[in-house]
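*Asks:* Quick one: the structure is below, questions incoming.
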Amino acid sequence: VENFKNGADGVNCVNVDMYSLDTYVEKFLPREDGSGRIIDFLSIDVEGFDMDVMLGGSSTLKNRVHYLEFEYNWMGSWKNQKLSDSIRLLDEEYDFTCYWPGYDGNIWRITDCWLDYYDLHFWANVACVKRGVKEVEDMAERMEELFQKTLDKGSNLVMDYEHRGVTYQYARTS
């Protein structure tokens, strides 16, 4: 206990305030009219606890974020969470369309085009664009164009799981 109080290296520890995403945004990013500033780009990378942050930010994600990027892997809470559940929540509750940046410049839309291997726990970033927001229409269109170019590669396409050396039978769309 003494080492914890003084820190493992003998230096005193300092208590810091901890906030949910919603509380942090309300406290530090207020708008003069009280509605809150728009967040153009939100990147979450908290070593496996990304979905926990999102769950603590439901109001922020629903009302203020236009573009969201987060990390998916096998650490932290992701050990017991499925990416498919997170994508479904982001789609149905917060109006995001999400993409999986893949190998060799490929980009996969994973909203409404789910492939089972996305639930395998390996490192990847997920990029999500808010639907129906004028400020990000160009970005949403560009991401969809890149997805279509990925599909157009047809049999020349190297699937992400092949590149990673993952054995996988067949992926299905939902």
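The values are calculated or read from the model by the stated rules, or taken from the named source; none is laboratory data. Quick caveat: nothing in here was measured; it's all calculated off a predicted structure. Heads up, the Cβs are rebuilt from the backbone with ideal geometry, glycines too, and the neighbour counts pull from every protein chain shown. Just the protein is used for accessible areas: all its heavy atoms, side chains included, with ligands, DNA and RNA removed. Shrake-Rupley method; radii C 1.70, N 1.55, O 1.52, S 1.80 Å.
*Asks:* Counting only residues 5 or more places away or on other chains, whose amide H sits under 5 Å from the amide H of F49 once H atoms are built in the peptide plane?
*Replies:* Sorted by chain and number, the residues that satisfy this are S77.
*Asks:* Same structure, new question: Kindly write out, for segment 124-134 in residue order, the coupling ³J(HN,Hα) from the Karplus curve 6.51 cos²θ - 1.76 cosθ + 1.60 (θ = phi - 60°), rounded to whole Hz, with x marking Gly and Pro.
*Replies:* 6, 9, 10, 10, 10, 10, 6, 6, x, 10, 3
*Asks:* Using amide H atoms built in the peptide plane, which far-off residues or other-chain residues are under 5 Å from G56 H to H?
*Replies:* Under 5 Å from the amide H of G56: L21.
*Asks:* List, in the order given, every pair from K62/K82; K27/K62; K82/K130; K62/K153 whose Cα-Cα distance in the structure shown is over 23 Å.
*Replies:* Beyond 23 Å between Cα atoms: K62/K153.
*Asks:* If I model a spin label at E144 and N12 as a point 7 Å from the Cα along the Cα→Cβ vector, what separation in nanometres do I get?
*Replies:* So the label points at E144 and N12 sit 5.8 nm apart.
*Asks:* Mind ordering 50-61, 12-23 by average Cβ neighbours within 10 Å, highest first?
*Replies:* 50-61, 12-23
*Asks:* Work out from phi, with θ = phi - 60° and the Karplus expression 6.51 cos²θ - 1.76 cosθ + 1.60, the ³J(HN,Hα) of each residue of segment 101-117, listed in order in whole Hz, and give x for Gly and Pro.
*Replies:* Once θ is set to phi - 60°, the couplings for segment 101-117 become x, x, 6, 6, x, 6, 9, 10, 6, 9, 7, 6, 9, 5, 10, 3, 5 Hz.
*Asks:* Keeping every protein chain in place, order K153, K79 by accessible area at 1.4 Å, biggest value first, i.e. largest first.
*Replies:* Values: K153 75, K79 130 Å².
Output order, biggest surface exposure first: K79, K153.
*Asks:* Next up: Long-range amide H contacts for I107: which residues qualify at under 5 Å (H placed 1.01 Å from N, peptide plane, sequence gap of 5 or more or a different chain)?
*Replies:* It is G102, T150, by chain and number.
*Asks:* Please work out the FRET efficiency for the pair K134 and Y19, using the Cβ-Cβ distance as r and a Förster radius of 30 Å; give the result to the nearest 0.05.
*Replies:* Computed FRET efficiency for K134 and Y19 comes out at 0.50.
*Asks:* Okay, moving on. Enumerate the whole-percent occupancy of each 5 Å bin, from 0 to the last occupied one, for all C-alpha pair distances of segment 89-159.
*Replies:* Taking all Cα pairs of segment 89-159, the binned fractions are 3, 16, 25, 25, 18, 9, 3, 0 percent.
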